[in-house]
1. Please verify whether region B:139-146 includes one or more residues that are of a type outside the set (S, T, N, Q), out of contact with any His (no Cβ under 8 Å at 6 or more places or on another chain) and part of a helix (DSSP H, G or I).
2. Buried (at least 21 other Cβ atoms within 10 Å of the Cβ) and among the β-branched types (V, I, T) - does that describe any residue in region A:253-260?
3. Restricting attention to region B:14-62, which residues are surrounded by 16 or more Cβ atoms within 10 Å (Cβ to Cβ) and polar (S, T, N, Q)?
4. Pick from region A:60-82 the residues that are facing chain B (nearest Cβ under 9 Å) and assigned to a loop (DSSP other than H, G, I, E, B): which of them is modelled with the highest pLDDT?
5. Checking the conditions here, which among A:V194, A:V156 is within 14 Å of chain B (Cβ to nearest Cβ), surrounded by 14 or more Cβ atoms within 10 Å (Cβ to Cβ) and over 29 Å from A:L294 (Cβ atoms)?
6. Identify all residues within region B:219-262 that are part of a helix (DSSP H, G or I) and within 14 Å of chain A (Cβ to nearest Cβ); write none if there are none.
7. Quick one: what pairs do we get from region A:282-308, first residue under 20 Å from A:R230 (Cβ atoms), second in a strand (DSSP E or B) and among the hydroxyl-bearing types (S, T, Y), C-beta under 8 Å, 6+ apart or different chains?
8. Which numbered condition trips up A:G243, out of (1) under 17 Å from the mean Cα position of the chain (by Cα); (2) of a type in the set (G, A, S); (3) over 30 Å from A:T150 (Cβ atoms)?
Amino acid sequence: MKLAVEVAALAVRGLRKRYGEVEVVRGVDLEIAPGECYGLLGPNGAGKTTTLRLCLGLSDPDGGEIRLLGFPVPARAREARAAVGVVPQMDSLDPDFTVAENLLVYGRYFGLSDAAIGERIGRLLEFAGLAGRAHDPIRALSGGMKRRLTLARALVNDPQLLVMDEPTTGLDPQARHLIWERLKRLAHEGRTLVLTTHFMEEAERLCTRVAIMDRGRIIAEGAPRSLIARHIEPQVLEVHGPGLERWMARARNLVPRVERVGETVFCYGADVQAALASLAGEPELAYLHRPANLEDVFLKLTGRDLRD
Amino acid sequence: MPPARLYAPPALSLRFVPVWRRNFLVWRKLALPSLLANLADPLLMLFGLGYGLGAVIGTLQGTSYFAFLAGGFLASSTMYAATFEALFSAFSRMHVQRTWEAIVNAPMDLEDVLAGEWLWAATKAFAAGVCMLAVVSALGFAQWPMALGALAAVALVGLAFAAVGLAVNALATGYDFFSYYLTLVLTPMMMLSGVFFPVEKLPEALQAVAVALPLYHGIELARPLLAGHLPQGAAAHAAVLAAYAVAGYYAATVLTRRRLLK
């Protein structure tokens, strides 16, 4: 018999964390159901990585409550982590070991026997597209392969929940797409995925729900489609080139919302046909007509200022 | 982190074993060059000074100068082996390779990592001590079975310096930081602890300093045991080394928590 109340994979209430004078997490609430793929988006310094560290019990919060797979964190974080896999932001593979040894040694940290890990290694390498490379040294792997091995390492304990901090940062498009395919497969297997990213495209493709985080707070949350529908007009027209000023003055009468950012004009609306038609007489101007996406929402909510 | 958690005594658990095994697996791949690196320096010094300077000095405290030095180097080579592992190697794993970070993402606590590192560095130091003893014994300068007791002294020296080394590691900003500890702490300790000459030859004020140093107590144990007789005040010497091990490990725990569990 199933329990009447489903235990959240991750439930966070009122989470706060301060480093010296700066409060980097300022009251975060999360409720992630089993089987969801949840994306935490935000500019650099928004508090995403700190939030993940707190949820894993690697750092003590200054306030709030965390339950990871039903276990209170940090009090019983270690028990929770037994059923969690983590893909950290920075490469932490063991350079002294081969591919297979990396999995063996990591599996031991979960209390698994060498025999049990040995049985899994073949399947994990297959999954990571590293079959036949079991005895290669780590330095022989490309960036994409290292990332996939890190993902395989995070699966050595057959986790219910995977936590990934920027799983595809620094990868080329081929490597990124391969990771996405693997993550989709993991989601199909019913595992819960929690990831941070600044690739909006990644979040839109993979995530059932996303939260946009800025300055330590979640400022918007929902399914990618509904977030776009809620915050942005469905059509976007980007225009740049000589004579932009003159055309912009006209465009203001043709579309509901016009915004200038540096040398580019953005037009937003349910229908931008009129503006599009007016571009026919402006051969000097370059333009891009596209549907609104999560990046538009992100930039609207977090602003276009650089964050370092 | 609340002070109650920061200053809590370290929790001990068998979970240190996979950390120890990780380091052992790496070492197994490079055991020979690693032991050579630990032993080349003290052995060259031992032969050079033992035979060269020994010819000038003759006997010291009733034994050959070579035998006198052998006891000192047995302890000091163990000290350096433990120290290098707890400083440079542990720092690589903590800071450069992010190995510790990966481990605590598994169901492991920072304290499990630290315990594994401590006992690993002590093990490696013990291995260096055993090899040193084997060489000294092959040359006929170890009186068995009493020399076995010297191994117990070596184990204590390893535990003490591995623990203190990990505390220094927790404060390090980079590899260069370790030069301070090596040149300002260990080199003077080597001079003051009776490796090269009896501590009684030092001015009284410096003798008082020597008595507070862990290496001094290691040598006071190792040297007579190697020569085949029981050291005077063995229990007290062992107690000082144990105290350094315990206090050093506690300091390492608190400082590492402060550094990594922010």
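1. Looking for residues that are of a type outside the set (S, T, N, Q), out of contact with any His (no Cβ under 8 Å at 6 or more places or on another chain) and part of a helix (DSSP H, G or I), one finds none in region B:139-146, hence no.
2. Within region A:253-260 (the criterion being buried (at least 21 other Cβ atoms within 10 Å of the Cβ) and among the β-branched types (V, I, T)), the answer is yes, since at least one residue qualifies.
3. Result: B:N23, B:S34, B:N38.
4. A:A82
5. A:V156
6. B:T256, B:R257, B:R258, B:R259, B:L260
7. A:A292/A:Y268; A:D296/A:Y268
8. Among (1) under 17 Å from the mean Cα position of the chain (by Cα); (2) of a type in the set (G, A, S); (3) over 30 Å from A:T150 (Cβ atoms), the lone unmet condition for A:G243 is (1).
The values are calculated or read from the model by the stated rules, or taken from the named source; none is laboratory data. As the structure is a computational prediction, the values presented were derived from the model and not from experiment. Here Cβ is always computed from backbone atoms with ideal geometry, including for glycine, and neighbour counts include all displayed protein chains.
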